[in-house]
Amino acid sequence: QVQLVESGGGLVQPGGSLRLSCAASGSIASIYAMGWYRQAPGKQRELVADITSGGSTNYADSVKGRFTISRDTAKNTVYLQMNSLKPEDTAVYYCNADLVSRSGAYLRRGDYWGQGTQVAVSS
């Protein structure tokens with residue numbers, strides 16, 4: 001069984017910073033990519049940033065230059081450093097992992113999600 005556990009959300013003033021963390025645990029054989037999505041009230045979930053096993057990164061245009069995604073492969077952990085936060089960044093942030101899990105002799109590739117962490121940007 002695979003679990004993604006997020007931490008680091010909270011309330012911050014406009015212009016402030018937050019750092020989100022997401023640790024993947026369980027019977028993991030390999031991780032192809034990890035990333036962050038967000039969902040604001042009344043809106044669809046959208047990609048914020050992701051990072052591949054090779055270190056390639058991808059960002060939504062709305063966060064380029066403000067957010068930085070990084071990864072500690074030894075800890076199966078992904079981070080999202082968020083700077084210059086704006087009220088429109090307010091959302092529930094979800095961690096995602098594209099990985100191969102191990103069940104006995106079997107390997108299975110799947111998409112896993114964390115439970116979400118709230119980020120609120122307000123004065």
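The values are calculated or read from the model by the stated rules, or taken from the named source; none is laboratory data. Please read all numbers here as calculations on a predicted model, not as lab measurements. Note: ideal-geometry Cβ built from the backbone for every residue, glycine included; neighbour counts use all protein chains shown. Keep in mind that these areas ignore ligands, DNA and RNA; they rest on the heavy atoms of the full protein, side chains included. Shrake-Rupley method; radii C 1.70, N 1.55, O 1.52, S 1.80 Å.
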Inset, instruction - Could you list all residues from segment 6-29 that are over 24 Å from Gly104 (Cβ atoms) and surrounded by fewer than 16 Cβ atoms within 10 Å (Cβ to Cβ)? - result: Ser7, Gly10, Leu11, Gln13, Pro14, Gly15, Gly16, Ser17, Arg19
Inset, instruction - Find the strands (runs of 3 or more DSSP E) located wholly in segment 7-94 whose residues include 3 or more that are touching a residue at least 40 places away in the same chain (Cβ under 8 Å), and list them. - result: 10-12, 18-26, 28-39, 77-82
Legend entry - Subset of segment 85-105 that is open to solvent by 60 Å² or more (accessible area, probe 1.4 Å) and at pLDDT 95 or above - its residue that is farthest from Tyr59 (Cα to Cα): Pro87
Inset, instruction - Please name all residue pairs, on different chains or six or more residues apart, with Cβ atoms under 8 Å, provided the first residue is in segment 101-123 and is closer than 30 Å to Gly16 by Cβ and among the hydroxyl-bearing types (Ser, Thr, Tyr) and the second residue is part of a loop (DSSP other than H, G, I, E, B) and open to solvent by 70 Å² or more (accessible area, probe 1.4 Å). - result: Ser122/Gln13; Ser123/Gln13
Legend entry - Selection status of Thr77, touching a Lys or Arg at 6+ places or on another chain (Cβ under 8 Å), modelled with pLDDT of 95 or more and over 17 Å from Asp111 (Cβ atoms): yes
Legend entry - Qualifying positions in segment 106-123 - within 30 Å of Gln13 (Cα to Cα), open to solvent by 40 Å² or more (accessible area, probe 1.4 Å) and in a strand (DSSP E or B): Trp113, Gln118
Legend entry - Yes/no for Gly42 being loosely packed, with under 12 Cβ neighbours inside 10 Å and either on the phi > 0 side of the Ramachandran plot or acidic (Asp, Glu) (or both): yes
